[in-house]
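Please read the structure below before turning to the comments.
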Amino acid sequence: MEKFEKLTGVAAPMPLVNIDTDMIIPKQFLKTIKRTGLGVHAFDEMRYDDDGNEVPDFVLNKPQYRDAQILVAGANFGCGSSREHAPWALADFGIRAIISTSFADIFYNNCFKNGLLPIALPQEAVDVLMKDAEKGSNARMTVDLENQVVTTSDGEAFSFEIDAFKKHCLMEGLDDIGLTMEKVTAIDSFEADAAQARPWV
Amino acid sequence: MSGKTLYDKIWDAHVVHADDDGTSLLYIDRHLVHEVTSPQAFEGLRLANRQVRAPQRTIAVPDHNVPTTLGRENPDQMPEDSRIQVEALDKNARDFGVNYYPVSDIRQGIVHIVGPENGWTLPGMTVVCGDSHTATHGAFGALAHGIGTSEVEHVLATQTLIQSKSKNMKVEITGSLAPGVTAKDVVLTIIGHTGTAGGTGYVIEYCGDAIRELSMEGRMTICNMAIEGGARAGLIAPDEKTFDYVKGRTHAPKGAQWEAALAWWKTLHSDEDAYWDKVVTIRGEDIAPTVTWGTSPEDALPITAKVPAAEDFSGGKVEAAKRALTYMDLTPGTPLDEIEIDTVFIGSCTNGRIEDLRAAAEVLKGRKVKDGIRAMIVPGSGLVRAQAEEEGLADIFTEAGFEWRLAGCSMCLAMNPDQLAPGERCAATSNRNFEGRQGRGGRTHLMSPAMAAAAAVTGRLTDVRELMTENEPA
């Protein structure tokens, strides 16, 4: 997994609340058996018209946001389906960090498995960052994971909270399965105990 | 020190290892797998030369993509990409030796209906699946939630999941429900009340007399939509109804093991002095038959209400409501029961069980689907389908003018050919009314099976209580 340390890039504003994973990647693109290549379909139904042409008003189609690496979004981003195709599509598009007041639980967890950093901040902070994102490609935002700070193009800084373990894995690009495999003895002994305590399971 | 919640108890019984910061490795008792979110996980195992650690705890079934029309055994019925996904699951299930119900098996169906039906889901278990509606299994007092594909791979390889604990939320429905009001109305009302992010960061336990009165199937409907309220999982403490439902099912414990299991299951309830981080209380008597008007499950209102205006909301919801009204092509102030529909879909992991079909049949008996309305019923599993045929429900549906389909997820998420056309308006018993959910440009109104059946008869969103009155003898 790609490491996440510090990122400076264009942030795209998506103030809509409740952006769900069906919006991020509609069901017709879930029929893949691969993780890659979904970026072109990210936000498909908002991004393209019925004939497959780009909708010029959609934020990621605007020239200044085509290379956005950060999304500043409305509350409850990533709600709905558990599909990991949503973070796959965002990462494949080039998004590395998403800022909102809140994220849906499963989407939030899925981000960390794919080198994406979801940042939850209070409404006042997101309002300031949304305004900064609206300035376009000349305004570059900085996300510093090590110091847990987001900085606007004007230098206004906001600290954010993140679980220490998730931060560590993201910064080191660690594979969860490999880490858990190191605890195989604990799993073995849990299974042995559980077989005694709850043999019907 | 305060007592424990049901969630605390199940959590504690499954911790393999806990770090100082609370990050825990949780053991997983049942892993359900379907064809859409698993191919990349199995591929990951192959690339790393890993095995499935506990194939006997892993249950796979194709459901999202499969056609629901007769003759579907013929692979030509499936589009190429769907066929590849289903065939990949066939192969993965065989290669890794997990329990499997292929399309040809009568027990095939929607994964969240198959699990409980065959006794895989038991109280006190941890249950996961690469599907957000895994919350369904919480109706048994099992800690059940959706996971992403990377986590599917993690569970396949290690039978554990890295988790941090959620907070405890209690949703209490007091009293009893009025006639015509079902579990679906209860859960839509809850989400309307708390919002789709109201449960974020929490595991919800549903309790109160109105919940106790519900059947196991009704309880599954409630827990199924815990995720639509943002919660990681929904739980209902097991009781005699739970034990009666589980007893005798294929994979339920038998004999002395049944007795041992029962003794533990009876301890699975929140202690009187348990601490709740958040409590929501709703009077059962205040809940009416409910429908959604917008594009989020929180856009739920009693059928007797009117389409709201964007200005009725505040904050970011104003823009979202404007967008929803445009997408749904609705005018504020329109009575909800004047909204005309084109299509009716009865089915899904929310409402595709036998009691749901009975409720629909009760409304449809001796009635006809209104001319011009496309109506389909998709049972949740092959076993539900067989039982509905045995009970004569299927005849009621076909005589009324409904299509009677084979089991699958179908038009709930429209990954198979069952889709809405742009602009088509649907009365649906499924769980999500998101933009494009049932087909690009399709418009979804969520409701109970009885309400959907009533809409099929009248051609508009309808208060099912009107048809119930007609049923009463003069």
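The single condition from (1) within 29 Å of B:Asp131 (Cβ to Cβ); (2) open to solvent by 50 Å² or more (accessible area, probe 1.4 Å); (3) small (Gly, Ala, Ser) that A:Ala157 fails is (1). Checking each residue in region B:62-77 for being in a loop (DSSP other than H, G, I, E, B) and touching a Lys or Arg at 6+ places or on another chain (Cβ under 8 Å) picks out B:Asn65, B:Val66, B:Thr68, B:Thr69.
Before we move on, is B:Lys91 open to solvent by 20 Å² or more (accessible area, probe 1.4 Å), away from chain A (no Cβ under 12 Å) and at pLDDT 95 or above?
Working: open to solvent by 20 Å² or more (accessible area, probe 1.4 Å): yes; away from chain A (no Cβ under 12 Å): no; at pLDDT 95 or above: yes.
Taking the combined requirement at face value, the residue does not satisfy it.
If I filter region B:294-324 down to residues being open to solvent by 30 Å² or more (accessible area, probe 1.4 Å) and hydroxyl-bearing (Ser, Thr, Tyr), which single residue comes out as farthest from B:Glu228 (Cα to Cα)? Break it down stepwise before answering.
Going residue by residue through region B:294-324, those that are open to solvent by 30 Å² or more (accessible area, probe 1.4 Å) are B:298, B:301-302, B:304, B:306, B:311-319, B:322-323.
Next, from what is left, pick out any that are hydroxyl-bearing (Ser, Thr, Tyr): B:304, B:314.
Details: B:Thr304: 23, B:Ser314: 20 Å.
So the residue we want is B:Thr304.
Note on region A:115-141: residues that are open to solvent by less than 80 Å² (accessible area, probe 1.4 Å) and closer than 16 Å to A:Ala73 by Cα amount to 17.
Taken over region A:27-85, the criterion of being open to solvent by 50 Å² or more (accessible area, probe 1.4 Å), acidic (Asp, Glu) and in a loop (DSSP other than H, G, I, E, B) is satisfied by A:Asp49, A:Asp50, A:Asp51, A:Asp57, A:Asp67.
If you take the residues of region A:26-41 that are of a type outside the set (D, E, K, R) and within 28 Å of A:His168 (Cα to Cα), which of them is farthest from the other protein chains (Cβ to nearest Cβ)? Give the derivation first.
Looking only at region A:26-41, we keep the residues that are of a type outside the set (D, E, K, R), and these are A:26, A:28-30, A:32-33, A:36-41.
In the following step, the residues that additionally are within 28 Å of A:His168 (Cα to Cα) were identified as A:36-39.
Numbers: A:Thr36: 10, A:Gly37: 12, A:Leu38: 11, A:Gly39: 16 Å.
By that ranking, first place goes to A:Gly39.
Do you know which of the residues in region B:8-20 that are free of Cβ contacts under 8 Å to residues at least 12 places away in the same chain and not aliphatic (A, V, I, L, M) is farthest from the other protein chains (Cβ to nearest Cβ)? The residue in question is B:Asp12.
When region B:419-464 is filtered for residues that are crowded, with 24+ Cβ neighbours inside 10 Å, away from chain A (no Cβ under 12 Å) and basic (Lys, Arg), only B:Arg443 remains.
Figure legend. Inter-residue proximity from region B:138-155: first residues within 12 Å of another protein chain (Cβ to nearest Cβ) and within 18 Å of B:Trp264 (Cβ to Cβ), second residues in a loop (DSSP other than H, G, I, E, B) and open to solvent by 10 Å² or more (accessible area, probe 1.4 Å), beta-carbon distance below 9 Å, spacing 6+ or different chains. Indicated pairs: B:Ala142/B:Pro238.
Please verify whether B:Thr290 is more than 10 Å from chain A (Cβ to nearest Cβ), among the polar types (S, T, N, Q) and open to solvent by 40 Å² or more (accessible area, probe 1.4 Å), treating the condition exactly as stated. It is false that B:Thr290 is more than 10 Å from chain A (Cβ to nearest Cβ), among the polar types (S, T, N, Q) and open to solvent by 40 Å² or more (accessible area, probe 1.4 Å). Considering each residue of region B:188-215, count those that are buried (at least 23 other Cβ atoms within 10 Å of the Cβ) and charged (D, E, K, R), and give that number. Final tally of qualifying residues: 1. Being within 14 Å of chain A (Cβ to nearest Cβ), in a helix (DSSP H, G or I) and not charged (D, E, K, R), is that true of even one residue in region B:196-203? The answer is no, given that none of the residues of region B:196-203 is within 14 Å of chain A (Cβ to nearest Cβ), in a helix (DSSP H, G or I) and not charged (D, E, K, R).
Would it be correct to say that B:Ala407 is part of a loop (DSSP other than H, G, I, E, B), more than 24 Å from A:Ile25 (Cα to Cα) and of a type outside the set (Lys, Arg)? So B:Ala407 passes the test.
What about B:Glu298, is it within 14 Å of another protein chain (Cβ to nearest Cβ), assigned to a loop (DSSP other than H, G, I, E, B) and either small (Gly, Ala, Ser) or touching a residue at least 24 places away in the same chain (Cβ under 8 Å) (or both)? Don't jump to the end; show me each part of the working.
Details: within 14 Å of another protein chain (Cβ to nearest Cβ): yes; assigned to a loop (DSSP other than H, G, I, E, B): yes; either small (Gly, Ala, Ser) or touching a residue at least 24 places away in the same chain (Cβ under 8 Å) (or both): yes.
Judged against the criteria, B:Glu298 is a match.
Scanning region B:233-265 for residues that are open to solvent by less than 30 Å² (accessible area, probe 1.4 Å), of a type in the set (A, V, I, L, M) and touching a Phe, Trp or Tyr at 6+ places or on another chain (Cβ under 8 Å) yields a count of 7. When B:Ile59 is tested against (1) under 24 Å from the mean Cα position of the chain (by Cα); (2) more than 13 Å from chain A (Cβ to nearest Cβ); (3) not in a strand (DSSP E or B), exactly one condition is not met: (3).
Going by the structure shown, is A:Ser100 without any contact (Cβ under 8 Å) to a residue 40 or more places away in the chain and open to solvent by less than 50 Å² (accessible area, probe 1.4 Å)? Show your work before the answer.
Working: without any contact (Cβ under 8 Å) to a residue 40 or more places away in the chain: yes; open to solvent by less than 50 Å² (accessible area, probe 1.4 Å): yes.
Yes, satisfied.
Within region B:250-270, the residues that satisfy the criterion of being under 15 Å from B:Gly124 (Cα atoms), part of a loop (DSSP other than H, G, I, E, B) and more than 10 Å from every other protein chain (Cβ to nearest Cβ) are B:Lys266, B:Thr267, B:Leu268, B:His269, B:Ser270.
Only a single item in (1) more than 27 Å from B:Gly130 (Cβ to Cβ); (2) in contact (Cβ under 8 Å) with a residue 40 or more places away in the chain is not met by A:Lys135, and it is number (2).
When B:Gly230, B:Gly218 are checked against the criterion of being over 16 Å from B:Gly115 (Cβ atoms), at the interface with chain A (Cβ under 10 Å from one of its Cβ atoms) and crowded, with 19+ Cβ neighbours inside 10 Å, B:Gly230 stands alone in meeting it. Answer yes or no: is there a residue in region B:270-285 that is buried (at least 21 other Cβ atoms within 10 Å of the Cβ) and at positive phi. Looking through region B:270-285, none of the residues is buried (at least 21 other Cβ atoms within 10 Å of the Cβ) and at positive phi. When restricted to residues that are under 25 Å from B:Lys165 (Cβ atoms) and aliphatic (A, V, I, L, M), region B:233-260 contains 4.
Does A:Met14 fit the bill of being touching a strand residue (DSSP E or B) at 6+ places or on another chain (Cβ under 6 Å) and within 13 Å of another protein chain (Cβ to nearest Cβ)? Criteria met by A:Met14. Restricted to region A:164-180, and to residues that are touching a residue at least 40 places away in the same chain (Cβ under 8 Å) and of a type in the set (D, E, K, R), which residue is farthest from the other protein chains (Cβ to nearest Cβ)? Among residues in region A:164-180 that are touching a residue at least 40 places away in the same chain (Cβ under 8 Å) and of a type in the set (D, E, K, R), the one farthest from the other protein chains (Cβ to nearest Cβ) is A:Glu172.
The values are calculated or read from the model by the stated rules, or taken from the named source; none is laboratory data. Treat the numbers as computed from the prediction; the structure is a model and nothing was measured. Methodologically, a virtual Cβ is constructed for each residue, glycine included, from the backbone with ideal geometry; neighbour enumeration extends over all protein chains shown. Ligands, DNA and RNA are stripped out before the accessible areas are found, and what is left, the full protein with its side chains, is counted by its heavy atoms. Shrake-Rupley method; radii C 1.70, N 1.55, O 1.52, S 1.80 Å.
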